[in-house]
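Here the structure is laid out as structure tokens; the discussion comes afterwards.
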Amino acid sequence: MCGIIGYIGKNNALPKLIEGLKKLEYRGYDSAGIAYFHKNNIKIIKSVGRIQELEKKICFKEQSQLGIGHTRWATHGKVTEKNSHPHQVGKITIVHNGILENYQDLKKILQEKGYSFKSDTDTEVACAYIDYEYQKNPLHNMSEILKNCMNTFIGSYAIAIIVEEIPNQLFVMKKDSPLVIGLGTNEIYVASDISAFADKVSNYIILEDMEIGILTTNEYQIIKNGKRKMPTLKKIDTKNQSSDKKQFPHYMLKEIYEQSEKIQLWNTKYLNHIMELPDISKYKKIHIIGCGTAYHAGMIGKYLLEEYGNIEVNVFIASEYRYQKLFIDQNTLVIVVSQSGETADTLSCIKRVQQYKAHTLGIINTEDSSIARSVEKVIYTKAGQEVAVASTKAYTSQLYIFSMLAIRLGIINHNLTLAEIKNTYHQLPQKIKEVIHKNYDNLTSLLWNYNNIFYLGRNIDYVTMMEGSLKLKEISYIHSEAMPAGELKHGTISLMNEETCAIVMATKEELIPKTISNIKELKARGTKIVLLTLDNLTNSIEKECYDEVIWIPKMAPYVQPILNVIPLQIIAYNIAKKRGCDIDKPRNLAKSVTVE
Ligand code: F6R
């Protein structure tokens, strides 16, 4: 979602801002803009669409030592130049990530004071309000001005500000939206995440809620409640910042392939240390929360923890959980799953469950992210930076951690032996490669032109199909619906005919005959079937059951879901490619969903 970049320093700000915006592209956006000082005037350039469109409008020969930039993911107001950032009112120019919830009230107050507005955005109102406080403050004390604004603003915001009469300072403030400050040599960056400047600086500061940053070329002041504070300096870990596409046409494909080598990394990091992972069986209640793919990983987690730990687990979508009635206390463990570690809905749940004194454990990919810093304990999933909007390797990394937490309990409850477990995990990378290299051509030709595709499965396979269906929707724009295979006859089967198509997963051995019966009910109505099932069943499943089939290697149940999702990722990728979609940056989607 919206990306912020800011630069103050000895070099020309213009290429720095564009480079930073490009690094933030993966977050998702529909327009972009920059504002910079040029000969003591502020120039603003904006464009709808990709950053390349913005670049065409910029004269890079112009020199500037201070500027801000933004990629906008529309929330308030359509995707137009007028609504894109930066916004300027009076002496103030800003870029903003988040949502100002009381902007309508503030707008009325400001209109009564003579302010008028050109855009439909909450950001322009925030900008006008900063200008209003600025005009009221005779000494233009920015620390006081921004403190007053923060006391008035309701909602979430990370804001970078430049002021017409202060051409040598860059200001930032934040609450509930991420903002980091990168410290270089005679240059300082601000951004929504460190990927925007990771190759340019060695240290960074994470701005905390209700903090203000006042930055010059080589000095920074962090202010909270009117008092200067000494922030913690963090070192950039360059190992985790590689976002090179290598030989792959898309990041998504690269990240699908990477899953096999990542398993090897996770094996060294976790497999030899299973018993050092938290014992979650001591809690009376376990809740798992997440959004989208992270929620699906949580659902797989539920099946595995219940199976191997004999403990009841409930899973919730964070945007629902944050408002529902909770029956939790200090005996509850809330497991929070997130790739970005910045998802606003998920973050808000943590704040809420902490009021009930529940314990929190994060399964998080992005180190030092807001969620990672908010939970009591963190297990990092170590998937590396995931650039494609559609999550693949982050999902399998989450499943990996859940499988570890589950078999940690299974070693006691199910008499699993460590040797057996290790052998299974060591085979997994090769099995993933085998599945990736299967032939998906016929299947892609069969599926790519449908407008609706059903994803069916039972038990844990149903959850995998929820994830497969989401992948297809996100990147190919084909509507699809995941459903427990046994539920079809309770309504949805009325849609099934010669023009419909279903992908069916059947890998939970004791349920395969049941799923095959459901397939036959669909075949009888002319529905085309793509079957994903276990390779030990090649001789026992009748050919009449399917139009296309992918045989998946059979593995131990605690790793089978990791393998099962691979063909679904590839199916979605191949279909989206055949339909000519923008695979890494699907329309309307953001990688880091920092608004509610
Ligand atoms: C799907 C996808 C989203 C995210 C969801 C949660 O491919 O990427 O559904 O999984 O927005 O994001 P995180 O995991 O960053 O909290």
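Put a plus charge on the Cβ of each Lys and Arg, a minus charge on the Cβ of each Asp and Glu, and nothing anywhere else: the dipole of the chain about its Cα centre is then about 800 debye.
Axis of helix 251-270 versus longest Cα principal axis of the chain: the two differ by about 80°, to the nearest ten degrees.
In this simple spin-label model, placing a label point 7 Å from the Cα along the Cα-to-Cβ direction at both Asn41 and Lys227 gives a separation of 4.5 nm. Taking every alpha-carbon pair under 8 Å whose residues sit at least 6 apart, the chain reaches a relative contact order of 12 percent.
For the peptides 364-377, 558-571, 81-94, the ranking by mean Cβ contacts within 10 Å, running from highest to lowest, is 558-571, 81-94, 364-377. Per residue, the accessible area of the stretch 271-379 comes to 40 Å², computed with a 1.4 Å probe over protein heavy atoms only. Counted by Cβ distance under 10 Å from Ala35, the other residues give a net charge of +2, where Lys and Arg count +1 and Asp and Glu count -1. Between the alpha-carbon centres of the stretch 175-224 and the stretch 413-455 there is a gap of 42 Å.
Think of the chain as a dipole: +1 on every Lys or Arg Cβ, -1 on every Asp or Glu Cβ, centred on the Cα centre; then among Cys291, Met555, His85, His85 lies furthest on the positive end. Of the solvent-accessible surface of the chain, computed with a 1.4 Å probe and all protein chains present, 47% belongs to carbon and sulfur. Rounded to a whole number of µm²/s, how large is the Stokes-Einstein D of the stretch 500-555 at 25 °C and 0.890 mPa s, given Rh as the Kirkwood radius over C-alpha pairs? Answer from the Stokes-Einstein relation: 219 µm²/s.
Report the one residue of Ile162, Met142, Thr152 whose Cα lies farthest in the direction of the positive end of the charge dipole of the stretch 133-178 (charges on C-beta: Lys and Arg +1, Asp and Glu -1; origin at the Cα centre). Looking along the dipole axis, the top candidate is Thr152. Against the main long axis of the alpha-carbon atoms of the chain, helix 460-476 sits at an angle near 50°. Computed from the C-beta positions of Phe248 and Lys56 and an R0 of 30 Å, the FRET efficiency is 0.65 to the nearest 0.05.
Rounded to whole numbers, the Karplus 3J(HN,Hα) couplings from phi for the stretch 564-570 are 5, 6, 4, x, 6, 5, 5 Hz, using 6.51 cos²θ - 1.76 cosθ + 1.60 with θ = phi - 60°, and x at Gly and Pro. For the stretch 189-203, the Karplus equation 6.51 cos²θ - 1.76 cosθ + 1.60, evaluated at θ = phi - 60°, returns couplings of 10, 10, 6, 6, 8, 5, 4, 5, 9, 4, 8, 10, 9, 10, 10 Hz by residue, with Gly and Pro reported as x. Legend: residues Lys351, Lys357, sorted from most to least accessible area (1.4 Å probe; ligands, DNA and RNA excluded), read Lys357, Lys351.
Could you grab the relative contact order for the stretch 269-391? Cα pairs under 8 Å, six or more apart, rounded to a whole percent. Normalised by residue count, the contact order of the stretch 269-391 is 22 percent. Bridgeable lysines around Lys262 (alpha carbons under 18 Å apart, same-chain partners fewer than 8 residues away excluded): Lys239, Lys245, Lys246, Lys254, Lys382, Lys393, Lys422, Lys431, Lys433. Relative to the longest principal axis of the Cα atoms of the chain, the long axis of helix 344-355 makes an angle of roughly 90 degrees. For the stretch 429-505, the percent of C-alpha pairs falling in each 5 Å distance bin, counted from 0 to the bin holding the largest distance, reads 3, 14, 22, 24, 21, 10, 4, 1, 0. For Phe327, what charge total do you get from the other residues with a beta carbon under 12 Å from its beta carbon, if Lys and Arg give +1 and Asp and Glu give -1? In short, +2. When the Cα positions of Ile223, His414, Pro513 are compared along the charge dipole of the chain, Ile223 comes out farthest toward the positive end, with charges on each C-beta of Lys, Arg, Asp and Glu.
Rounded to the nearest 20, the size of the Cβ-charge dipole of the stretch 468-563 about its Cα centre is 100 debye, with Lys and Arg at +1 and Asp and Glu at -1. Its Cα gyration tensor gives the stretch 181-300 an equivalent ellipsoid. The semi-axes, each the square root of 5 times an eigenvalue, are 35, 24, 15 Å from largest down.
Amide H contacts of Val504 (H built 1.01 Å from N, in plane; Pro and chain starts excluded): Leu456, Val530, Leu531, Leu532 sit under 5 Å, all sequence-distant by 5 or more or on other chains. Our helix-only sum for the chain, with -39,500 (n - 2.57) per DSSP H run of n ≥ 4 divided by its residues, gives a mean residue ellipticity at 222 nm of -11000 deg cm²/dmol.
Straight distance only, please: which lysines reach the Cα of Lys285 with their own Cα at less than 22 Å, same-chain residues fewer than 8 apart left out? Hits, sequence-local ones excluded: Lys302, Lys325, Lys351, Lys357, Lys377. When His414, His96 are compared by accessible surface with a 1.4 Å probe, the order from highest to lowest is His414, His96. Taking a straight line from the alpha carbon of Lys113, these lysines sit under 27 Å away, with near neighbours fewer than eight places off in the same chain left out: Lys43, Lys78, Lys82, Lys91, Lys136, Lys147, Lys174, Lys175. Specify the inter-centroid distance of the stretch 125-150 and the stretch 73-97, based on alpha-carbon positions, in whole Å. The stretch 125-150 and the stretch 73-97 have Cα centres spaced 18 Å from each other.
The values are calculated or read from the model by the stated rules, or taken from the named source; none is laboratory data. Bear in mind that the values here come from a model prediction, so they are computed numbers and not experimental data. Cβ sites come from the backbone with ideal geometry, for glycine too, and all protein chains shown count toward neighbours. Heads up: the accessible areas ignore ligands, DNA and RNA and are worked out on the full protein's heavy atoms, side chains in. Shrake-Rupley method; radii C 1.70, N 1.55, O 1.52, S 1.80 Å.
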